[in-house]
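The values are calculated or read from the model by the stated rules, or taken from the named source; none is laboratory data. Since the model is a prediction, treat every value here as computed from it, not as a measurement. Please note: Cβ atoms are built from the backbone with ideal geometry, for glycine as well, and neighbour counts cover all protein chains shown. With ligands, DNA and RNA removed, areas are computed over all heavy atoms of the protein, side chains included. Shrake-Rupley method; radii C 1.70, N 1.55, O 1.52, S 1.80 Å.
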Amino acid sequence: KEYIAIAIDGPAAAGKSTVAKIIAEKLSYIYIDTGAMYRALTLKAINRNIDLENDQAILEELMQTTIELKQSEAGQIVLLDGKDVTDEIRFQNVTTKVSHVAKHAPIREEMVRRQQEMAKNRGVVMDGRDIGTHVLPDAEVKIFLIASVEERAKRRHEENIKKGIASNMEDLKREIEERDRIDTNREASPLIKAKDAIEVDTTSLNINEVAERILVEVSNI
Ligand code: C5P
């Protein structure tokens with residue numbers, strides 16, 4: 001086979017997207033950030049004042065919404081109904097609400113349908129929470145990335161400082177734990193390691209070591 005599918009799942013801020021991008025680049029595959037899709041929908045629902053507990057209203061909105069992930073020289077850009085929302089979907093108000101939108105089964109069904117369509121007939125690295133379990137259950141390589149919550153908060157904190165964004169470690173820790181709690185405990189395709197996924201603890205690894213580890217799995221296919 002000339003190409004395979006690589007699924008990368010795990011809790012919030014475990015380094016999934018950074019490592020997925022490196023691997024996609026190395027293999028000349030496309031990278032699909034499924035979290036960005038839930039974030040874009042959440043942004044739209046907030047802007048439209050939709051009750052985030054009302055799954056039918058959000059689904060109705062989703063059916064009239066386009067979410068595109070494009071690769072540009074500066075990295076991935078996210079277009080919501082054609083508008084660039086790459087930065088906005090990372091803002092605090094979206095981050096604290098996205099898990100409430102993502103917990104609804106009908107929303108997930110439509111998102112999974114779109115994600116499977118995007119991944120069809122090509123080499124793909126996809127990251128999220130349910131990729132190995134639901135979106136790409138036949139992925140040749142499945143990785144479950146974990147790291148201690150302290151380490152994840154610290155990395156996010158350092159990233160924020162570098163970007164010049166105000167940041168507080170304790171707030172980050174709380175936000176990460178709360179998101180993991182909702183993602184793990186929801187009924188519809190919760191965050192869980194697929195039976196055939198390889199768990200990689202990145203707490204004491206740097207990003208290149210993690211990428212190397214995954215590329216070894218890829219070359220063993
Ligand atoms: O990956 P990221 O942290 O940007 O994802 C944001 C949120 O989107 C997650 O906390 C989760 O609630 C939701 N999500 C999901 N399924 C995915 C990807 C993200 O439920 N495949």
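Can you pull the percent of segment 1-67's accessible area that's carbon plus sulfur, 1.4 Å probe, other chains left in place? Please report the intermediate quantities before stating the final value.
Details: 1250 of 2860 Å².
Roughly 44 percent, rounded to a whole number.
Test of understanding: given the chain, find the longest segment containing no trypsin sites (Lys or Arg not before Pro) that are in a DSSP loop and have at most 12 other Cβ atoms within 10 Å. Mind dumping the intermediate values first?
Numbers: sites that count: Lys1, Arg48, Lys120, Arg122, Lys195.
Counting only loop sites that pass the neighbour cut-off, the longest clear stretch is 123-194.
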*If you wrap a convex hull around the C-alpha atoms of segment 62-164 and split its volume per residue, what is the figure in Å³?*
150 Å³
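Given the convex hull over the Cα atoms of segment 31-86, what projected area results after averaging over all orientations, in nm²?
Values: hull surface 15.2 nm².
Result: 3.8 nm².
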*Relative counts (whole %) of C-alpha pair distances in segment 155-221, using bins that are 5 Å wide*: 3, 13, 14, 17, 20, 17, 12, 4, 1
*Whenever you get a sec, compute what percent of the accessible area on segment 137-221 sits on carbon and sulfur atoms (1.4 Å probe).*
50 percent
*Write down the accessible area per residue of segment 141-221 in Å², having rolled a 1.4 Å probe over the full set of protein chains.*
60 Å²
*At q = 0.07, 0.14, 0.16, 0.17 Å⁻¹, work out log10 I(q)/I(0) for the chain with the Debye formula, treating every Cα as an identical point scatterer and leaving solvent out; two decimals please.*
-0.20, -0.86, -1.17, -1.33
*Asp201 long-range amide H proximity, modeled H, under 5 Å*: Ile146
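With a sphere of radius 15 Å drawn around the Cβ of His134, what net charge do the other residues whose Cβ falls strictly inside it have (Lys, Arg +1; Asp, Glu -1)? Can you show the working numbers first?
Details: positive: Lys103, Arg108, Arg113, Arg114, Arg129, Lys142, Arg186, Lys193, Lys195; negative: Asp9, Glu109, Glu110, Glu117, Asp127, Asp130, Asp138, Asp183, Glu187, Asp196.
Around His134, the surrounding residues sum to -1.
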*Under the definition of Cα pairs under 8 Å and six or more residues apart, what whole-number percent is the relative contact order of the chain?*
33 percent
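Find the accessible area per residue for segment 46-96; the probe is 1.4 Å, ligands and nucleic acids are left out, and the unit is Å².
Details: 3270 Å² over 51 residues.
Using a 1.4 Å probe on heavy atoms only, each residue of segment 46-96 averages 64 Å².
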*Which residues make up the longest stretch of the chain that has no GluC sites (Glu not before Pro) in a DSSP loop with at most 13 other Cβ atoms within 10 Å?*
74-186
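Relative contact order (percent) for segment 25-114, with alpha-carbon contacts under 8 angstrom and 6 or more residues of separation? Walk me through the numbers before you get to the answer.
Working: 88 pairs, mean separation 28.4, N = 90.
It comes to 32 percent, rounded to a whole number.
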*Which is the longest stretch in the chain that no exposed loop site breaks, taking sites as chymotrypsin sites (Phe, Trp or Tyr not before Pro) with a DSSP loop state and at most 14 other Cβ atoms within 10 Å?*
92-221
*Taking amide H positions as placed 1.01 Å from N in the peptide plane, with prolines and chain starts having none, which residues 5 or more places from Gly123, or on another chain, fall under 5 Å of its amide H?*
Ile30
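How large is Rg/Rh for segment 110-221, to two decimals, with Cα atoms and a Kirkwood Rh?
Using Cα coordinates only, the ratio equals 0.99.
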